[in-house]
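The values are calculated or read from the model by the stated rules, or taken from the named source; none is laboratory data. A quick note: this is a predicted structure, and the numbers were derived from the prediction, not measured. We place every Cβ from the backbone using ideal geometry, glycine too, and count neighbours over all the protein chains shown.
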Amino acid sequence: MAQEDVFKKIVSHCKEYGFVFPSSDIYDGLGAVYDYGQNGVELKNNIKQYWWQSMVLLHENIVGIDAAIFMHPTTWKASGHVDAFNDPLIDNRDSKKRYRADVLIEDQIAKYEEKINKEVAKAAKKFGDSFDEAKFRETNPRVLENQQKRDALHQRYSDAMNAGDLEALKQIILDEEIVCPISGTHNWTDVRQFNLMFKTEVGSTAEGTSTIYLRPETAQGIFVNYLNVQKTGRMKLPFGIAQIGKAFRNEIVARQFIFRMREFEQMEMQFFVKPGTELEWFEKWKQTRMGWHQALGFGAENYRFHDHEKLAHYANAASDVEFKMPFGFKEVEGIHSRTNFDLGQHAKYSGKKIEYFDPETNESYTPYVIETSIGVDRMFLSVMSHSYCEETLEGGESRVVLKLPPALAPVKLAVMPLVKKDGLPEKAHEIIRDLRFHFNCKYDEKDSIGKRYRRQDAVGTPFCVTVDYDSLKDNTVTLRYRDTMEQKRVRIEELRTLIEDEVSITSLLKKIM
Ligand code: GAP
């Protein structure tokens with residue numbers, strides 16, 4: 001199945017099974033804003049718990065905070081967001097649609113890559129086992145021509161972006177004859193910078209109001225609390241502050257479902273270190289974060305680092321963790337060495353001394369910072385993308401199963417009476433009453449057992465238990481495993497031991513230790 005189709009199926013599966021709904025769905029939705037449904041919120045909470053515990057529980061020197069979304073407006077002047085948190089936008093005069101100029105060009109680069117991949121796939125099919133892909137890429141004239149066009153465009157684009165040259169971006173769009181997907185015309189406006197922060201006002205009277213912003217990242221809530229936490233927690237360097245919370249960006253291009261949203265959630269950790277040690281910590285955090293991702297068991301080949309060549313003016317190293325989504329390798333997390341830029345800027349704008357007194361060297365200095373910043377929603381999408389599976393079973397029947405890591409699954413155990421009578425529902429409820437303190441259980445009595453299994457497969461429930469007439473006599477039930485569909489007879493009092501460990505966040509945490 002084409003990857004594009006897989007992605008469409010994941011999006012509709014998310015809606016059909018109560019994971020993700022368009023926001024305000026009855027009013028036809030709101031662009032790039034989504035709501036999490038009854039299953040989605042459980043999965044999302046499990047992801048957050050996995051992250052939070054890996055930071056705060058597993059590190060003696062990391063503590064958490066929960067800062068407000070609204071912050072003093074000077075925060076964003078100091079951080080540089082007021083002046084520089086921009087995307088280059090361009091409008092098509094005919095369709096009146098707005099686009100990100102950089103995205104239009106990146107899509108054009110992807111088109112060349114697609115052409116090359118199509119040639120390779122065609123040749124691979126034709127030549128079968130004897131196909132030498134490397135040689136084909138080096139010698140085929142059509143591949144070479146498209147590769148040369150792609151590389152030249154990439155170079156021109158990088159130069160224009162690095163120089164912040166908006167005219168050059170427009171010229172590329174014209175030269176490449178990129179058209180508006182709606183109107184099909186080249187009738188473009190000039191490229192302009194567009195600030196991504198949402199503005200609103202605090203105060204109730206016209207004279208007494210002031211403009212404030214919805215935070216575009218949670219990190220600044222940590223920086224402005226550095227002194228509070230360091231002093232009240234008597235924190236010694238190196239130490240970290242972790243936070244999970246909402247962030248808002250007025251993204252121009254709203255697409256790819258929950259990959260790029262206007263309201264989203266971040267899990268960020270700022271790790272304060274002694275100047276001069278930051279690059280060592282940067283490497284350590286890269287490995288630690290990759291270990292966290294890979295403990296989910298999605299396969300090392302589906303992850304890669306993308307080290308940034310062009311760094312933000314305040315950074316001295318940066319790398320993304322990319323995951324193979326149905327639409328290619330995409331950034332899920334950023335790890336940044338942000339030097340002392342943020343604390344230094346807040347010291348300058350607030351007039352407060354924001355430093356650390358080092359008892360070992362008897363000197364004060366502004367700590368350097370390593371940041372790990374991951375989007376909850378992107379993580380959710382990567383989990384969903386990897387877990388969604390369509391299987392053909394023996395006898396030709398098919399099933400859709402979400403092979404979620406059990407620790408992240410919304411429901412851990414479904415308990416089903418074989419029939420809705422003769423005391424079987426009561427027995428099933430009794431099992432749930434005992435186990436619900438330990439993990440999330442659901443009761444399900446509607447439809448045939450086969451249909452109920454399929455329903456649970458589709459939401460990723462790792463275990464199902466069927467209560468039948470023998471259960472009343474000998475206190476045993478049939479335990480069914482989601483991935484293998486294996487069934488075995490077990491004693492009811494064994495259930496907790498069989499299931500609890502496998503579905504706990506602790507089981508994941510132990511894999512990264
Ligand atoms: N404090 C650093 C920072 O915010 P970023 O690379 O802009 O860095 C970090 O964002 C992470 O937040 C990204 O790797 C991504 O997972 C997530 N993210 C950023 N913008 C997003 C958006 N519009 N929708 C969903 N997730 C987003």
Inset, instruction - Please indicate, with yes or no, whether at least one residue in segment 347-365 is without any contact (Cβ under 8 Å) to a residue 60 or more places away in the chain, more than 14 Å from the ligand (Cβ to nearest atom), of a type outside the set (F, W, Y) and assigned to a strand (DSSP E or B). - result: yes
Inset, instruction - Identify all residues within segment 24-41 that are in a loop (DSSP other than H, G, I, E, B) and crowded, with 16+ Cβ neighbours inside 10 Å; write none if there are none. - result: A32, G37, N39
Legend entry - Qualifying positions in segment 429-463 - over 21 Å from L402 (Cα atoms), without any contact (Cβ under 8 Å) to a residue 40 or more places away in the chain and among the hydrophobic types (A, V, I, L, M, F, W, C): I432, F437
Legend entry - segment 135-154, residues that are among the aliphatic types (A, V, I, L, M) and in contact with a helix residue (DSSP H, G or I) (Cβ under 7 Å, 6 or more places away or on another chain): V143, L153
Inset, instruction - Would you please name the residue that is nearest to F85 (Cα to Cα), looking only at residues in segment 155-214 that are touching a helix residue (DSSP H, G or I) at 6+ places or on another chain (Cβ under 8 Å) and in a loop (DSSP other than H, G, I, E, B)? - result: M197
Inset, instruction - Check segment 446-453 and report whether any residue there is touching a helix residue (DSSP H, G or I) at 6+ places or on another chain (Cβ under 6 Å), within 22 Å of C389 (Cα to Cα) and outside the structural domain of L296 (by TED's automatic domain parsing). - result: no
Legend entry - Identity of the residue in segment 336-358, within 23 Å of W76 (Cβ to Cβ) and of a type in the set (A, V, I, L, M, F, W, C), that ends up surrounded by the most Cβ atoms within 10 Å (Cβ to Cβ): L343
Inset, instruction - Inspect all residues belonging to segment 290-304 and state whether any of them is within 10 Å of the ligand (Cβ to nearest atom) and not charged (D, E, K, R). - result: no
Inset, instruction - Please find, among L227, L296, the residue that is closer than 18 Å to W51 by Cα and at pLDDT 95 or above. - result: L296
Legend entry - Candidates V202, V224, V229, filtered to the one that is assigned by TED's automatic domain parsing to the domain that holds M325, within 22 Å of W76 (Cα to Cα) and more than 30 Å from the chain's Cα centre (by Cα): V202
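Table: residues versus (1) in contact (Cβ under 8 Å) with a residue 60 or more places away in the chain; (2) among the polar types (S, T, N, Q); (3) under 30 Å from K236 (Cα atoms).
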residue	(1), (2), (3)
N45	no, yes, no
L57	yes, no, yes
S79	yes, yes, yes
I90	yes, no, no
Legend entry - Test for R399: is it of a type in the set (K, R), away from the ligand (no atom under 16 Å from the Cβ) and surrounded by 15 or more Cβ atoms within 10 Å (Cβ to Cβ): yes
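Quick grid of which residues meet (1) surrounded by fewer than 17 Cβ atoms within 10 Å (Cβ to Cβ); (2) in the same structural domain as F329 (by TED's automatic domain parsing):
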{"residue": "I65", "(1), (2)": "yes, yes"}
{"residue": "H72", "(1), (2)": "yes, yes"}
{"residue": "K77", "(1), (2)": "yes, yes"}
{"residue": "K97", "(1), (2)": "yes, no"}
{"residue": "D102", "(1), (2)": "no, no"}
{"residue": "E106", "(1), (2)": "yes, no"}
Inset, instruction - Within segment 251-285, track down each residue that is basic (K, R) and either more than 9 Å from the ligand (Cβ to nearest atom) or not assigned by TED's automatic domain parsing to the domain that holds H306 (or both). - result: R255, K274, K284
Legend entry - Hits in segment 239-250 - residues which are touching a Gly at 6+ places or on another chain (Cβ under 9 Å) and within 10 Å of the ligand (Cβ to nearest atom): A247
Legend entry - Considering residues of segment 366-390 that are surrounded by 21 or more Cβ atoms within 10 Å (Cβ to Cβ) and part of a strand (DSSP E or B) only, the residue farthest from the ligand (Cβ to nearest atom): Y388
Legend entry - Set A428, A409: member being assigned to a loop (DSSP other than H, G, I, E, B) and on the phi < 0 side of the Ramachandran plot: A409
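Residue-wise test of (1) modelled with pLDDT under 95; (2) within 25 Å of L57 (Cβ to Cβ); (3) in contact with an Asp or Glu (Cβ under 9 Å, 6 or more places away or on another chain).
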| position | (1), (2), (3) |
| --- | --- |
| F223 | no, yes, yes |
| G240 | no, yes, no |
| Q256 | yes, no, no |
| G276 | no, no, no |
Legend entry - Residue tally, condition without any contact (Cβ under 8 Å) to a residue 12 or more places away in the chain and among the acidic types (D, E), over segment 17-43: 2
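Residue-wise test of (1) closer than 24 Å to F327 by Cα; (2) part of a loop (DSSP other than H, G, I, E, B).
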position: L43; (1), (2): yes, no
position: Y50; (1), (2): no, no
position: M55; (1), (2): no, no
position: A68; (1), (2): no, yes
position: T75; (1), (2): no, no
position: A121; (1), (2): yes, no
position: A124; (1), (2): yes, no
